[in-house]
């Protein structure tokens, strides 16, 4: 399933499917991007980051894609698990300041 | 061995009161932040301190005053609390050396103003 973080704030996927969470950023001067995961009742937690000189970075079950031409960032989660249910935030950094996008709530159905 | 801790976790108070939230990090980071998260989960930065110096001060009412007694602590004092101050407040820290700007967040303080 897919979601645009700013316009469709919820995403529901079946366990085992791949999830794609999208984020549109606004500042063309942003040079660093981070995805955070926030579980219920907890603070945001770092998932993966990417610098503006890269277009793809992979972690464990997660991949971040960066398209600077259209100022778009996505987080792909492979084989989504119930423990992935959370709110996901993208954050862009420019001029020493990080700005968080609206969160996307991911719900994983067993 | 908590990395970023905040106290209290819950704070219920009446309009007009003054309250403080404390934050401590034991990561040796040089930069600390305060964020406000509203009911729609939107995270907005309020302040940032680097080595006890204020470096980011977003458009926040003067009723909010951060204080950093040392690099490991950043407290938030709020005067004359209003209903609209109800939110979850997160403290975070980061280390600008090494090129990673990953922020480590505390567990949050849920402030309810009645």
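Conditions first: (1) crowded, with 20+ Cβ neighbours inside 10 Å; (2) more than 8 Å from chain A (Cβ to nearest Cβ); (3) within 20 Å of residue B:45 (Cβ to Cβ). Residue B:71 passes all but one, so which condition is the exception?
(1)
Answer yes if at least one residue in the stretch B:14-26 is away from chain A (no Cβ under 13 Å) and at pLDDT below 90, and no otherwise.
no
Can you name the condition, by its number, that residue B:77 falls short on among (1) more than 14 Å from chain A (Cβ to nearest Cβ); (2) part of a loop (DSSP other than H, G, I, E, B)?
So residue B:77 meets the others, but not (2).
If you take the residues of the stretch A:1-58 that are within 18 Å of residue A:83 (Cα to Cα), part of a loop (DSSP other than H, G, I, E, B) and in contact with a strand residue (DSSP E or B) (Cβ under 6 Å, 6 or more places away or on another chain), which of them is modelled with the lowest pLDDT?
A:1
Across the stretch A:24-72, what is the number of residues that are under 21 Å from residue B:36 (Cβ atoms) and within 13 Å of chain B (Cβ to nearest Cβ)?
So the answer is 13.
Could you list, in sequence order, all residues of the stretch B:94-109 that are more than 9 Å from chain A (Cβ to nearest Cβ) and modelled with pLDDT of 95 or more? Explain how you work it out, then say what you get.
Pass one, the stretch B:94-109, residues more than 9 Å from chain A (Cβ to nearest Cβ): B:95, B:97-98, B:109.
Answer for the stretch B:94-109, where residues must be more than 9 Å from chain A (Cβ to nearest Cβ) and modelled with pLDDT of 95 or more: just B:109.
For the stretch B:45-60, give me each residue that is in a strand (DSSP E or B) and either modelled with pLDDT under 90 or away from chain A (no Cβ under 11 Å) (or both).
At the first step, the residues of the stretch B:45-60 found to be in a strand (DSSP E or B) are B:45-50, B:53-57.
Passing the criteria: B:46, B:47, B:49, B:50, B:53, B:54, B:55, B:56, B:57.
Would you be able to say whether some residue in the stretch A:93-107 is more than 30 Å from residue B:96 (Cβ to Cβ) and out of contact with any strand residue (DSSP E or B) (no Cβ under 6 Å at 6 or more places or on another chain)?
no
Out of the stretch B:18-53, which residues are over 24 Å from residue A:37 (Cα atoms) and either free of Cβ contacts under 8 Å to residues at least 24 places away in the same chain or surrounded by 12 or more Cβ atoms within 10 Å (Cβ to Cβ) (or both)? Walk me through how you get there before you give the answer.
The first filter runs over the stretch B:18-53 and keeps only residues over 24 Å from residue A:37 (Cα atoms), leaving B:18-20, B:50-53.
Listed by number, the residues that qualify are B:19, B:20, B:50, B:51, B:52, B:53.
The values are calculated or read from the model by the stated rules, or taken from the named source; none is laboratory data. Remember, it's a predicted structure, so these values are computed and weren't measured experimentally. Cβ sites come from the backbone with ideal geometry, for glycine too, and all protein chains shown count toward neighbours.
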